[in-house]
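Here the structure is laid out as structure tokens; the discussion comes afterwards.
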Amino acid sequence: MVEWKTQTMATRKRRRWLLGLSASIVIFLSVLGFYSLVLLFDESLYTREGTFAYYLTVPDLIADAPRPGQIGQPRFYVSADDGPKPPASAVYYQSDAARGEISRTLEAYLQSKGLLAAGTLAEVYPAGWALQRMHGEEAMVYKPEVSTRLQHVIVRVENIENERSEISITATF
């Protein structure tokens, strides 16, 4: 009789432990799912490399872009489709590489992804005052060779101080 009670108590403890583990897993997955939905529908999100939001929202075109001479940590930006504004993703970083090296490296990368230089922002979008104000008239525009969901990529290299540049690579979908 004592043996039967011991087995029953052990079985009860095991069941409680399994129930607690199952409940913990369900709660964890629910929170993770909710957080994922919030990230996906967030109008604009700034994140760092290696975070959960980075892996979930930053497209490979932006995440894999070379960053020659990078100084410090890059910042990543993702915006959702919001009315007339199309979704966009960007990376911002500072570099101590020469401007020509940065431009050549990024152009080679974008060409390997099927994007061709279309000209400066002022040439490609002469009436695009909002884009020009945001990125500068001299920013380069790259467009896909074939029709895709990607509209264009804008690369801005701006000298800021002591041979340092601030670079932004923005993809609009």
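Quick rundown of the values:
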item: All strands (runs of 3 or more DSSP E) inside segment 63-139 with 2 or more residues being closer than 21 Å to SER44 by Cα and touching a strand residue (DSSP E or B) at 6+ places or on another chain (Cβ under 6 Å); result: 70-79, 88-95
item: Scope segment 90-104; condition surrounded by fewer than 17 Cβ atoms within 10 Å (Cβ to Cβ) and closer than 17 Å to THR170 by Cβ; matching residues; result: TYR92
item: All positions within segment 62-85 that are closer than 20 Å to SER165 by Cα and among the β-branched types (Val, Ile, Thr); result: ILE62, ILE71
item: Residue tally, condition in a strand (DSSP E or B), in contact with a helix residue (DSSP H, G or I) (Cβ under 9 Å, 6 or more places away or on another chain) and not charged (D, E, K, R), over segment 144-168; result: 9
item: Residue among ARG156, ARG164, ARG133 that is farther than 23 Å from VAL58 by Cβ, surrounded by 13 or more Cβ atoms within 10 Å (Cβ to Cβ), charged (D, E, K, R) and out of contact with any Lys or Arg (no Cβ under 6 Å at 6 or more places or on another chain); result: ARG164
item: In segment 131-173, residue modelled with the lowest pLDDT [restricted to those that are within 17 Å of the chain's Cα centre (by Cα) and among the hydrophobic types (A, V, I, L, M, F, W, C)]; result: PHE173
item: Breaking point among (1) more than 19 Å from the chain's Cα centre (by Cα); (2) modelled with pLDDT under 80, for GLY69; result: (2)
item: Hits in segment 122-151 - residues which are in contact with a Leu (Cβ under 8 Å, 6 or more places away or on another chain), under 20 Å from TYR93 (Cα atoms) and not polar (S, T, N, Q); result: LEU131, HIS135, GLY136, GLU137, GLU138, ALA139, MET140, VAL141, TYR142
item: Members of segment 75-88 that are charged (D, E, K, R) and modelled with pLDDT under 95; result: ASP81, ASP82, LYS85
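Yes/no matrix, rows are residues, columns are (1) at pLDDT below 85; (2) surrounded by 13 or more Cβ atoms within 10 Å (Cβ to Cβ); (3) among the hydrophobic types (A, V, I, L, M, F, W, C):
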residue	(1), (2), (3)
SER22	no, no, no
GLY33	yes, no, no
ARG48	no, no, no
ILE62	no, yes, yes
GLN73	no, no, no
LYS113	no, yes, no
LEU116	no, no, yes
LEU121	no, yes, yes
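The values are calculated or read from the model by the stated rules, or taken from the named source; none is laboratory data. From a predicted model like this one, the values you see are computed outputs, not experimental measurements. Note that each Cβ is placed from the backbone with ideal geometry, even for glycine, and that neighbours are counted across all protein chains shown.
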